[in-house]
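The values are calculated or read from the model by the stated rules, or taken from the named source; none is laboratory data. Small disclaimer: the values here were computed from a predicted structure and weren't measured. So basically every Cβ, Gly included, is an ideal-geometry build from the backbone, and we count neighbours across all protein chains shown. These area figures cover heavy atoms from the full protein model, side chains too; ligands, DNA and RNA do not enter into them. Shrake-Rupley method; radii C 1.70, N 1.55, O 1.52, S 1.80 Å.
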Amino acid sequence: MNPDIQWALINEPFVAYRSEGDFDSNITAHGRLGDVERIIGVLRTKDLVWYRFSKGWLDASSILVYDTELKAQTGSKYLLEKK
């Protein structure tokens, strides 16, 4: 287990990845409920926390953060079974 690596689970039906940690920036990709992605960066602003992924940035309200990929995958399975 590597404490520097974190994983995110998308907990919204549909999200838009942004080119920057800002809602006014361009959309670079889309994600769906249950998707699991590796976090590669974090940006803390005055009001929000943004997480960077290979596809772009998402704000913290649209994801759940896990310390292992297995936990994120298990969370995804549970989340999708609930719906």
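Once the Cβ-Cβ distance between THR68 and SER19 is put in as r, and R0 is 30 Å, what FRET efficiency do you end up with, to the nearest 0.05? Approximately 0.60, to the nearest 0.05.
Residues in the range 29-83 average 65 Å² of solvent-accessible surface per residue, probe 1.4 Å, ligands and nucleic acids excluded.
Its relative contact order, with pairs defined as Cα atoms under 8 Å and 6+ residues apart, puts the chain at 36 percent. For a straight C-alpha distance cut-off of 15 angstrom, the aspartates and glutamates reachable from LYS71 (same-chain residues fewer than eight places away being disregarded) are ASP35, GLU37. The accessible area of ILE63, taken with all protein chains in place and a 1.4 Å probe, comes to roughly 10 Å².
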